[in-house]
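The values are calculated or read from the model by the stated rules, or taken from the named source; none is laboratory data. Owing to the predicted nature of the structure, the values given are computational and were not obtained by experimental measurement. Please note: Cβ atoms are built from the backbone with ideal geometry, for glycine as well, and neighbour counts cover all protein chains shown. Heads up: the accessible areas ignore ligands, DNA and RNA and are worked out on the full protein's heavy atoms, side chains in. Shrake-Rupley method; radii C 1.70, N 1.55, O 1.52, S 1.80 Å.
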Amino acid sequence: MKHKGRFGPFGGYYVPEVLIPALEEIESAFEQFRNDRRFLQELNTLFTDYAGRPTPLYHARRFSEVTGFPVYLKREDLLHGGAHKINNALGQGLLARYMGKSKLIAETGAGQHGLATAIVGALLGMETKIFMGFTDVARQNVNVRKMRLLGAEVIAVEGGTGTLKDAINEAFRYWTAHVEDTFYLFGTAGGPHPYPTIVRHFQSPIGQEARRQCLEKTGRLPDIVTACVGGGSNAIGIFSAFLDDPQVRLVGVEGGGKGLQTTQHCATLCRGRVGILHGARTYLLQDENGQIRDTECISAGLDYPGVGPEHAHLKETGRAEYVSVEDEEVLDTFFLFSKTEGILPALESTHALAWLCQQKGILPPETIVIANLSGRGDKDIDIVEHHRPLASRSL
Amino acid sequence: MNAYQACFSKLDRAALIPFFVIGDPSYDVSAELVKAAIDAGADILELGIPFSDPVADGPTIQKADLRALKAGMTPARAIEFIREITAYKPIPIGLLVYYNLLVQYGVNRFFEDFKQAGGTSVLVADLSIDDADEIIPSARRVGLETVFMATPNTPDGRLRFISEKTTGFIYAVSLLGTTGERAALSQTVRPFLSRLKRLTDKPICVGFGISSPEHAFEVAQAGADGVIIGSRIVKFIEENPENPARIKENITRFIRDVLDKLPPQSPKSRPSS
């Protein structure tokens, strides 16, 4: 491997020996093609003509009346597939094709990354397998059906709690046995080097656009940029453009589940300890012996006991801060936001919006905030209705 | 001469190395089964501490990890377990562990405790040779041997590097894949073994997918110094969860069958590292 893939003490590539040649191959292909003119041209065309980039930065006026300060939404929910995941899937999928690979595999939690990979697999004519925990298959069934319609095979992973962690384990196992013709299209800014760097790279247009759009619309940089953090790909995508603007506060919002005082949450940076999982040294939710804990969160896309190593570094250096909101607050905000803005937000992204609701009366009214609306909430309708049956709703 | 060299040099055949997950299905039954394997003629033991997310393992060992964890196995109890086994009979013990368990226990402290319990070597499943120096000084300090995996897709230069860092034996993975039984031995084993033997004079033990006395014979015939059998042995536990006597009987018979099948080899006197 040419690089260690470290973010301070975090990151690295802690994987069984058998995967090292594959990671090296991806690292060197990424180095070769990231600035290759033909590759960039093809990717940019796909971004604009196929996925729908650039996405708007939208001043959410009615929601801003609720919070008491202006909130601008980075509308990644408008992308093809309904979430930011398509950025990375197109980038890595194209890279896989340039490498001459014919098969894609991916893990998925909420199904958004699986869906994005299935889309890219169909678009590029590659055989695609998606690994998804059995719990997530049940709770994100619409996405499972979409993936199958797009021609991908969805494999329901038994074991553990049947969520994202288990899907990643199984995808790694499958990759180990099929490493020669298969590209593992990793979905989040975690995992072994070079994935955290690759995923940040392909998600960085979110931040670059948002920074430029904010300057155009408001004449200045935002005071706060906020995004939800599970593995952290949408957050690192938008944070990356503001890292050198020290006056911009970066706030990552984790899944507080039933509360941080319980074990039913996935607030890895808020409550975790440093350890090693899925190839990276990073914060983890684990017991005193180092066994990885089961997590619980209303949002499948955040339901993961680890986090991308660059976020661990940003926390450690103080450049970004990480907070959490609980399921109930997320549901309240989901209904409120849907009715004030006419947008159904993904439950993942709603975490960032819920944190903004908490800041009412705390942040001064001239504060400019950008929230990454990383995905749309159509996929979450069943979950929302299950938790808050129509009759019981006060809003 | 380390414990492995002593073992290989006195054998006139390949060493038989059964693998167990410590504490599967419970501390007591597991100890009984490991002792039965020693009594049946195992030369070396490969023992794993159960981990919640064993990415290098196939379904059989994943289930074993879960059984052991459910029965309360922890790294600290695993050390106790090893102490009990080495007190029963001195036998070289290689430990297979996932890195997070070491990191949480403290690498130095864990190695001290493991060595003190009679352990011989450590193999960290998810620590590649590139980061081996995170553990090697601690291992050397207490006199533990280091074992690293080599796989059929590992290039020559890297195999030499692995050989340099290895003081115990090279764990040659027979195939591209996770642990687990296979109907046939992988086609890659023979060419891989001959490539390895050209590049190293360290002992080579072969594991992953070795599921029958016939497989063991083939691997030994191809020149392996040791044969590691994991999933097939662990499967005996899965097949008879409520019947320890039956498991013991099956494991004993299987080990004897493998020993009967292993072809004679001239004893190895390996240069010490």
State the number of residues belonging to the stretch B:72-111 that are of a type in the set (Gly, Ala, Ser), surrounded by fewer than 21 Cβ atoms within 10 Å (Cβ to Cβ) and within 24 Å of residue B:207 (Cβ to Cβ).
-> 0
Based on what the data block shows, is residue B:260 assigned to a helix (DSSP H, G or I) and either touching a Pro at 6+ places or on another chain (Cβ under 8 Å) or open to solvent by less than 20 Å² (accessible area, probe 1.4 Å) (or both)?
-> yes
Only residues in the stretch B:73-96 that are more than 14 Å from every other protein chain (Cβ to nearest Cβ) count as the first member; pair them with residues that are open to solvent by 10 Å² or more (accessible area, probe 1.4 Å) and not hydroxyl-bearing (Ser, Thr, Tyr), Cβ under 6 angstrom, at least 6 apart or cross-chain, and list the lot.
-> B:86/B:118; B:88/B:35; B:92/B:3
If a residue has to be more than 13 Å from chain B (Cβ to nearest Cβ) and either under 19 Å from the mean Cα position of the chain (by Cα) or outside any helix (DSSP H, G or I) (or both) to count, how many in the stretch A:147-167 make the cut?
-> 9
Do we have any residue at all in the stretch A:370-383 that's of a type in the set (Lys, Arg), under 29 Å from residue A:142 (Cβ atoms), outside any strand (DSSP E or B) and in contact with a helix residue (DSSP H, G or I) (Cβ under 9 Å, 6 or more places away or on another chain)?
-> yes
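Looking at B:55, B:34, B:29, which is the one that is of a type in the set (A, V, I, L, M) and either within 11 Å of chain A (Cβ to nearest Cβ) or in contact with a Ser or Thr (Cβ under 7 Å, 6 or more places away or on another chain) (or both)?
Result: B:55 is the single residue among B:55, B:34, B:29 that is of a type in the set (A, V, I, L, M) and either within 11 Å of chain A (Cβ to nearest Cβ) or in contact with a Ser or Thr (Cβ under 7 Å, 6 or more places away or on another chain) (or both).
Looking at the stretch A:223-327, what helices (runs of 4 or more DSSP H) fall wholly within it and have at least 2 residues that are in contact with an Asp or Glu (Cβ under 7 Å, 6 or more places away or on another chain) and away from chain B (no Cβ under 14 Å)? Explain how you work it out, then say what you get.
On the way: elements: A:233-239, A:268-271, A:309-317.
Counting at least 2 such residues, we get A:233-239, A:268-271.
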Residue within the stretch A:159-166 that is open to solvent by 10 Å² or more (accessible area, probe 1.4 Å), free of Cβ contacts under 8 Å to residues at least 60 places away in the same chain and at positive phi present = yes
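Restricting attention to the stretch A:216-229, does a residue exist that is modelled with pLDDT under 95, among the charged types (D, E, K, R) and either within 30 Å of residue A:366 (Cα to Cα) or out of contact with any Cys (no Cβ under 6 Å at 6 or more places or on another chain) (or both)?
Of all residues in the stretch A:216-229, those modelled with pLDDT under 95 come to none.
No: the stretch A:216-229 contains no residue that is modelled with pLDDT under 95, among the charged types (D, E, K, R) and either within 30 Å of residue A:366 (Cα to Cα) or out of contact with any Cys (no Cβ under 6 Å at 6 or more places or on another chain) (or both).
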Name the residues in the stretch B:210-235 that are over 12 Å from residue B:258 (Cα atoms), open to solvent by less than 20 Å² (accessible area, probe 1.4 Å) and of a type outside the set (Gly, Ala, Ser), would you?
-> B:225, B:234
Go over the candidates A:294, A:287 one by one and state the one that is surrounded by fewer than 24 Cβ atoms within 10 Å (Cβ to Cβ), over 20 Å from the mean Cα position of the chain (by Cα) and within 20 Å of residue B:53 (Cβ to Cβ).
-> A:287
Any hit, the stretch A:170-189, residues being closer than 21 Å to residue A:46 by Cβ, open to solvent by less than 50 Å² (accessible area, probe 1.4 Å) and within 14 Å of chain B (Cβ to nearest Cβ) = yes
Would you be able to tell me the number of residues in the stretch B:182-205 that are within 14 Å of chain A (Cβ to nearest Cβ) and within 18 Å of the chain's Cα centre (by Cα)?
-> 1
